[in-house]
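The values are calculated or read from the model by the stated rules, or taken from the named source; none is laboratory data. All of these numbers come straight from a predicted model, not from anything done at the bench. Here Cβ is always computed from backbone atoms with ideal geometry, including for glycine, and neighbour counts include all displayed protein chains.
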């Protein structure tokens, strides 16, 4: 942890870059990029975060140990996300070993159907409804 | 190199009675309640942790009494029984097991062992104790105001929608006590990094310090997730916002993922400090260097990291997808390997040592045996096929009690006896110590081994009433519990008595090797007259024995 | 004297495989535990302080021994994992010809329905040798359908179907438990799984299904006459829930008009059901106001029979067994409705929201 | 000491009589400890926000259409302005830390006040958004209108209010501490000009800014 004192000029440059990145990320959001939207938005956010950490939070001239402390939080967050998503995403895959899927109609007849709240989902503007009908909205049991 | 002392520098405060060290510097209540001396804060923690341990223990004995008979008779309604086992769970886990060794032994010994005068942030250390007591009061309020009947796991949707007990008050209490352990862990990490004595490099640190470093990593990286999960439960319970409520599209498993992300590493928070204590005791009473020091330190860090990747084995039968289950099952097997290394190295340390059987060593040997059984039965729970059968049965209860009571509590008592002369300047009575160790060992095995059998027979946990065929094993378990209770009461009696009539202990009663034994006992408020310069590695008992022999030779004048 | 069992019965095709994995794990554990215990005690005694054992050539670290001790447990672990996973694949993959039985977990009772229509509470009758798959969901909190003798367990979550399958191999009666903590009477939420010979099972099926046939028609009428409007699950009107009423004691106000007049207990039988439908104001359940309109002359006789059959089917016992012998000692299995009524809605959370 | 190589000259901070606590060996070790302590605390804060963000990421991946439908009611422009305001307050904070290091106490106080003003501006805009959402019957638990916004949209709003609520709470705590620090520096309470204390407060404030840097795209932009 050194006591490097940044000049006002450096601070202002960093601030300018951050404001530019803000405008960029808002602009990108208005373009209809579909699947690419999330990765781009997140990378811009990461770049802004790293800039703030390096210059405003004096990581730039700090000991490697401080770097480790700074990075460990995000790394553990990724562990939480990765393993939880490994469960939620792979839940839908019908395991090749299960030979017979439960007959959903009799099951829902008996149980009175699962409370899948999204069935009544009315999208305000129809034009982006295209992406959603394919999403298997009605399959109640997953 | 040391700055000229400032106004509040304790070196200027002359001790009223040098023999009493930090205990004698000031006898007023204010000096205890506003102390920033890590040794006094350790004793404050010792008192409050013992209180909560007794409170949880009474709940445990009520549960065991209830389970003596298949029908409910101690409690006239199942609700009271559910509240009692929740008290036992919450108080033992959050108020005894997690702060246990770090807050009492860690707080007292960490600065002494690395040759520092105090922890990095003394005032935050005191704040951590006050937050701990505040959390305790909130949880006590929750019990007085109606109790909690969700179990210490607070599973949704029962805890958020169907339980009409004081879930929010208890959740607030746990939320607060979480910050107390975060602050202690933060203090330990920074102290170990920045305040080691000159010459004390990382590979010369005693394993007690390594253990607390690994534990602090887990606490810092795990506890906040529990804090946010508790906040989400409270928000869901008050505002019905649907995060965990399937009617609005939420998912009850989301809670289980967030909860177990902290709560499995929490069991390593409970056991890692005990590894440190056992390494210290085994080397001291076998008078040998630890076998495979770097492997032992590496194993501690491996457990700390791998501990975060295995939480899914709590959810094999909770409709978690099979693929995630396979990943968690493999990793649960791998996390057992470092623990195996540690037990292997402790056993190898005894080889060619000169072993003496004082009370701390009896507790340590008991620990090695019981922890091995506890660890290996964990494999039954990480194998998916058998976990389907034994999940949420008494097999699980027996497994984690073997690790917690057989492991952590034995190590806690062993450590307490080992460093009692250093903390109080008095020796405990060896006879009563050995007797209590034996009683605890026998009582423990009689209590929890039958539960393994009950578990595989299929008796579910948290049952107020159970079928008749399980009764005989339950009666054995309750009998064992009464012996265990006696075993725990003994130290509660003879340790305080030793303060009055115990033999006065010198600086190093066990002729053990370590910086904490180089200073007086009880140590002065500023720990060391001069900050020691460390030259050799830890546990250098050959050096120590040669030095003892030379001193004997000089004393008797034998050439 | 030794009358208590130490090992669970093995009554399904899963049991021997799971037991084999369990025994394998126990052998490995015992091997490690005993060897450690032996070496610890042997070293402790041989090298006790003051003994003249040879202590030369002390090694402080032996990387080869450590490496061996890392690889052997890891390989052993991977082997046991693979074995466990293979048995687990069988646990989760029902064969093609499995019969589906639908199970609902509700706060403190299991309700099962066979495809042929017969319904059961806290009971499950299955033929021996026939693979059975249970398709389950929960109405309120997470429960867990657990049959120790079959070595099967599966959590039952609200808002989701979970499945579990087994193929019974031995005739007999085995215990059924709820393994996931679900509230006050979690320990009473259990019962029996009865495995019968196929012929006996067919007999049992007729006995219960014709009754259930009428009961199913009765359920439709229950909605048609708007009974479900008040007595249904999520109705806002304060009307006594009918689950578990038939066959159990019911507290009636001595004087229907005055709520705090004394209470008398009667047995809810067909007569009581008919009268409370036709002339509800004559007998009012304690804790409720006489709001129910009279259906005198509006319900034809055969509809009345179906309605009563339906109310009986959700009664305390099951349709075929005489109501007294539920095959359980008192305090086991689902509580009688009395606890809910006597509780007068003291707020056991699960009531209609 | 961990960094034995660090230059041993004492007055790197431009302070002469900085207060050295008895248990530290020198100023460098004392400063290193405070900084590491703060970074460790920020790691816990990352995981504290991370828990909710992780849950929201899971719900977003599983129920993307509902989340998209729900997030249309957010005003992207207002969010952008808010992010700009917060970046300005971050700049002001960075300059305040610089001034504190150079012992220009008057500048430090003024810059801290500027940060407080910008922070409060952010909270003001946030409060305006919340009130607007309240009138749109979008607040789960209070008046969320399930008919008007059917399906899992309530999940988006419950995460939105939880995340922004906790973030706003952290902002309030930051502003309160900043006010106290400003007064202390102004009345020369810190013997050493309070450089370390202001710097730690700066770390906390920049962290809260980074959280918003992530929250803004995740809540407002991804589902645009």
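Below are the figures for this structure:
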| read-out | value |
| --- | --- |
| Condition broken by residue D:223, with the remaining ones in (1) outside any helix (DSSP H, G or I); (2) without any contact (Cβ under 8 Å) to a residue 60 or more places away in the chain satisfied | (2) |
| Enumeration of residues in region D:135-178 that are under 20 Å from residue D:123 (Cα atoms) and free of Cβ contacts under 8 Å to residues at least 12 places away in the same chain | D:135, D:165, D:169, D:173, D:176 |
| Residues (away from every other protein chain (no Cβ under 12 Å) and surrounded by fewer than 16 Cβ atoms within 10 Å (Cβ to Cβ)) located in region D:131-143 | D:131, D:132, D:134, D:135, D:136, D:137 |
| Complete set of residues in region B:283-311 that are in contact with a strand residue (DSSP E or B) (Cβ under 9 Å, 6 or more places away or on another chain) and either at pLDDT 95 or above or in a helix (DSSP H, G or I) (or both) | B:285, B:286 |
| Region A:66-88, residues that are more than 23 Å from residue B:263 (Cα to Cα) and more than 7 Å from chain D (Cβ to nearest Cβ) | A:67, A:68 |
| Close pairs from region C:194-207: first within 15 Å of residue C:115 (Cβ to Cβ), partner surrounded by 18 or more Cβ atoms within 10 Å (Cβ to Cβ), Cβ under 6 Å, at least 6 apart | C:201/C:127; C:204/C:125 |
| Test: residue in region C:169-181 that is closer than 22 Å to residue B:251 by Cβ and more than 8 Å from chain B (Cβ to nearest Cβ) | no |
| Count - residues of region C:72-109 that are more than 8 Å from chain B (Cβ to nearest Cβ) and assigned to a loop (DSSP other than H, G, I, E, B) | 7 |
| Subset tally (residues that are more than 19 Å from the chain's Cα centre (by Cα) and surrounded by fewer than 18 Cβ atoms within 10 Å (Cβ to Cβ)) for region B:27-57 | 8 |
| Complete set of residues in region B:285-329 that are surrounded by fewer than 21 Cβ atoms within 10 Å (Cβ to Cβ), within 11 Å of chain C (Cβ to nearest Cβ), free of Cβ contacts under 8 Å to residues at least 60 places away in the same chain and more than 28 Å from residue C:178 (Cα to Cα) | B:298, B:302 |
| Which numbered condition residue D:29 misses (of (1) more than 8 Å from chain A (Cβ to nearest Cβ); (2) modelled with pLDDT of 85 or more) | (2) |
| Condition check for residue B:230: touching a helix residue (DSSP H, G or I) at 6+ places or on another chain (Cβ under 9 Å) and within 28 Å of residue D:56 (Cα to Cα) | yes |
| Residue among B:484, B:499, B:489 that alone is in a helix (DSSP H, G or I), closer than 23 Å to residue B:431 by Cα and touching a strand residue (DSSP E or B) at 6+ places or on another chain (Cβ under 7 Å) | B:499 |
| Failed condition for residue D:181, given (1) surrounded by fewer than 21 Cβ atoms within 10 Å (Cβ to Cβ); (2) assigned to a helix (DSSP H, G or I); (3) touching a residue at least 24 places away in the same chain (Cβ under 8 Å) | (1) |
| Condition check for residue C:236: modelled with pLDDT under 80 and touching a strand residue (DSSP E or B) at 6+ places or on another chain (Cβ under 7 Å) | no |
| Test for residue C:222: is it surrounded by 13 or more Cβ atoms within 10 Å (Cβ to Cβ), more than 24 Å from residue C:121 (Cα to Cα), touching a helix residue (DSSP H, G or I) at 6+ places or on another chain (Cβ under 6 Å) and not assigned by TED's automatic domain parsing to the domain that holds residue C:109 | no |
| Residue within region B:95-102 that is farther than 24 Å from residue B:142 by Cα, within 21 Å of the chain's Cα centre (by Cα) and outside any loop (DSSP other than H, G, I, E, B) present | yes |
| Complete set of residues in region B:202-217 that are surrounded by fewer than 24 Cβ atoms within 10 Å (Cβ to Cβ) and either within 30 Å of residue D:142 (Cβ to Cβ) or facing another protein chain (nearest Cβ under 10 Å) (or both) | B:202 |
| Selection status of residue B:343, crowded, with 23+ Cβ neighbours inside 10 Å, part of a loop (DSSP other than H, G, I, E, B) and facing another protein chain (nearest Cβ under 7 Å) | no |
| Those residues of region A:60-87 which are crowded, with 20+ Cβ neighbours inside 10 Å and free of Cβ contacts under 8 Å to residues at least 60 places away in the same chain, in sequence order | A:69, A:70, A:73, A:76, A:77, A:80, A:83, A:84, A:87 |
| Those residues of region B:454-472 which are facing chain C (nearest Cβ under 7 Å), over 13 Å from residue C:187 (Cβ atoms) and crowded, with 20+ Cβ neighbours inside 10 Å, in sequence order | B:456, B:457, B:458 |
| Criterion: within 13 Å of chain B (Cβ to nearest Cβ) and surrounded by 17 or more Cβ atoms within 10 Å (Cβ to Cβ) - qualifying residue of D:55, D:64, D:94, D:100 | D:55 |
| Filter result (part of a helix (DSSP H, G or I), in contact (Cβ under 8 Å) with a residue 60 or more places away in the chain and over 14 Å from the mean Cα position of the chain (by Cα)) within region D:81-111 | D:96, D:97, D:100, D:101, D:105, D:108, D:109 |
| Qualifying residue in region B:228-242 (condition: within 15 Å of residue B:304 (Cβ to Cβ) and part of a helix (DSSP H, G or I)) | no |
| Candidates B:139, B:223, B:191, filtered to the one that is modelled with pLDDT under 95, crowded, with 24+ Cβ neighbours inside 10 Å, within 12 Å of chain D (Cβ to nearest Cβ) and outside any loop (DSSP other than H, G, I, E, B) | B:191 |
| Where residue D:36 falls short, out of the listed (1) facing chain A (nearest Cβ under 8 Å); (2) farther than 22 Å from residue D:215 by Cα; (3) surrounded by fewer than 22 Cβ atoms within 10 Å (Cβ to Cβ) | (3) |
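A quick yes/no check of all residues on (1) buried (at least 18 other Cβ atoms within 10 Å of the Cβ); (2) within 19 Å of residue D:86 (Cβ to Cβ):
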position: D:145; (1), (2): no, no
position: D:157; (1), (2): yes, no
position: D:172; (1), (2): no, yes
position: D:205; (1), (2): yes, yes
position: D:218; (1), (2): yes, yes
